[in-house]
Amino acid sequence: MTESIKGRISDESFDDFLASQGMLEDAEETALKRVLAWQIAEAMKEKGITKTMMATRMKTDRRQLDRLLDPENGSLTLSTLRRAANAVGRKLRIELV
């Protein structure tokens, strides 16, 4: 009896599937950006920092801050991330694993 594709169980992980489709790196970058944007927004909330205050602390404007907080915008520099971390009293740590 032939098993249908829909009912087949695979040992392939989701990461394996994304890699086989050539989508893993983009998915990881998007996930990382979403996490960073969320962490910055949460730190702002915890400290009661408005977007206007945050932009001033970062020596930038609201449009740049909105791009930083937009999880879909991947055009961030380490300098921008470092300024954002400093503005909320945190440190940026990047590591290779």
- Task: From Ile40, Ile94, grab the single residue that is touching a helix residue (DSSP H, G or I) at 6+ places or on another chain (Cβ under 8 Å) and part of a helix (DSSP H, G or I).
- Result: Ile40
- Determine if the stretch 82-91 includes at least one residue that is surrounded by 11 or more Cβ atoms within 10 Å (Cβ to Cβ), modelled with pLDDT under 85 and under 20 Å from the mean Cα position of the chain (by Cα). no
- Single match in Thr77, Thr52 (criterion: of a type in the set (Val, Ile, Thr), under 26 Å from Ala27 (Cβ atoms) and out of contact with any strand residue (DSSP E or B) (no Cβ under 9 Å at 6 or more places or on another chain)): Thr77
- Would you mind finding the one in Arg63, Arg57, Arg83 that is of a type in the set (D, E, K, R), out of contact with any strand residue (DSSP E or B) (no Cβ under 8 Å at 6 or more places or on another chain) and without any contact (Cβ under 8 Å) to a residue 24 or more places away in the chain? Arg63
- Task: Taking the options Ser79, Ser10, Ser75, name whichever one is surrounded by fewer than 11 Cβ atoms within 10 Å (Cβ to Cβ) and in a helix (DSSP H, G or I).
- Result: Ser79
- Task: Give Leu36, Leu24, Leu69 a once-over and let me know the one that is over 14 Å from Asn86 (Cα atoms), touching a residue at least 12 places away in the same chain (Cβ under 8 Å) and surrounded by 13 or more Cβ atoms within 10 Å (Cβ to Cβ).
- Result: Leu69
- Query: In the stretch 45-72, what count of residues is obtained for those that are within 16 Å of the chain's Cα centre (by Cα) and part of a helix (DSSP H, G or I)?
  - Reply: 6
- Gln39 versus (1) within 20 Å of the chain's Cα centre (by Cα); (2) more than 22 Å from Arg93 (Cα to Cα); (3) of a type in the set (S, T, N, Q): which is the lone unmet condition? (2)
- Message: As an exercise: evaluate Lys59 against (1) exposed (fewer than 10 other Cβ atoms within 10 Å of the Cβ); (2) on the phi < 0 side of the Ramachandran plot and give the number of the one condition it does not meet.
- Response: (2)
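The values are calculated or read from the model by the stated rules, or taken from the named source; none is laboratory data. No experiment lies behind these values; they were computed from the predicted model shown. Quick reminder, even Gly has a Cβ in these numbers, built from the backbone with ideal geometry, and neighbours come from all protein chains shown.
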